[in-house]
1. Which numbered condition in (1) buried (at least 16 other Cβ atoms within 10 Å of the Cβ); (2) out of contact with any strand residue (DSSP E or B) (no Cβ under 6 Å at 6 or more places or on another chain); (3) part of a loop (DSSP other than H, G, I, E, B) is the only one that residue 59 fails?
2. Quick one: in segment 1-10, of everything that is over 22 Å from residue 68 (Cβ atoms) and modelled with pLDDT of 95 or more, which residue is surrounded by the fewest Cβ atoms within 10 Å (Cβ to Cβ)?
3. Does segment 74-107 hold any residues that are exposed (fewer than 13 other Cβ atoms within 10 Å of the Cβ) and more than 20 Å from residue 15 (Cβ to Cβ), and which are they?
4. Taking segment 48-71 on its own, how many of its residues are under 26 Å from residue 33 (Cα atoms) and touching a helix residue (DSSP H, G or I) at 6+ places or on another chain (Cβ under 7 Å)?
5. Before we move on, is residue 65 in contact (Cβ under 8 Å) with a residue 24 or more places away in the chain, more than 22 Å from residue 2 (Cβ to Cβ), over 10 Å from the mean Cα position of the chain (by Cα) and surrounded by fewer than 16 Cβ atoms within 10 Å (Cβ to Cβ)?
6. When only residues in segment 22-47 that are touching a helix residue (DSSP H, G or I) at 6+ places or on another chain (Cβ under 6 Å) and closer than 15 Å to residue 98 by Cα count, which is surrounded by the fewest Cβ atoms within 10 Å (Cβ to Cβ)?
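The values are calculated or read from the model by the stated rules, or taken from the named source; none is laboratory data. None of these values were measured; they are calculated from a predicted model. Ideal geometry is used to build each Cβ from the backbone, glycine not excepted, and the neighbour counts take in all protein chains shown.
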């Protein structure tokens with residue numbers, strides 16, 4: 001079985017993250033669950049929503065950073081399309097962007 005998403009997530013160290021485990025399971029099963037699809041559609045439960053609350057508006061929803069918004073929309077689309085590799089790569093980009101943004105906040 002092709003495990004490109006799993007390999008990318010393991011290499012980046014995000015295989016044990018909330019969404020990393022969901023992506024790996026979906027890749028193994030051949031599709032995302034309906035629950036995962038629903039979670040990817042909501043800002044509070046998508047990959048962006050799993051980030052530090054300081055990166056979101058006061059309702060805890062939409063990310064304040066435009067790049068995170070675009071990545072979140074790309075992530076939702078990858079999940080909807082059962083594109084495991086793209087979901088993994090987008091998750092990695094979201095995580096890395098959040099790390100950079102948080103480092104800037106802590107200065």
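1. Tallying (1) buried (at least 16 other Cβ atoms within 10 Å of the Cβ); (2) out of contact with any strand residue (DSSP E or B) (no Cβ under 6 Å at 6 or more places or on another chain); (3) part of a loop (DSSP other than H, G, I, E, B), residue 59 fails exactly one: (1).
2. 4
3. 81, 100, 103, 104, 105, 106, 107
4. 9
5. Against the criterion (in contact (Cβ under 8 Å) with a residue 24 or more places away in the chain, more than 22 Å from residue 2 (Cβ to Cβ), over 10 Å from the mean Cα position of the chain (by Cα) and surrounded by fewer than 16 Cβ atoms within 10 Å (Cβ to Cβ)), residue 65 does not qualify.
6. Ranking the candidates gives 46 first.
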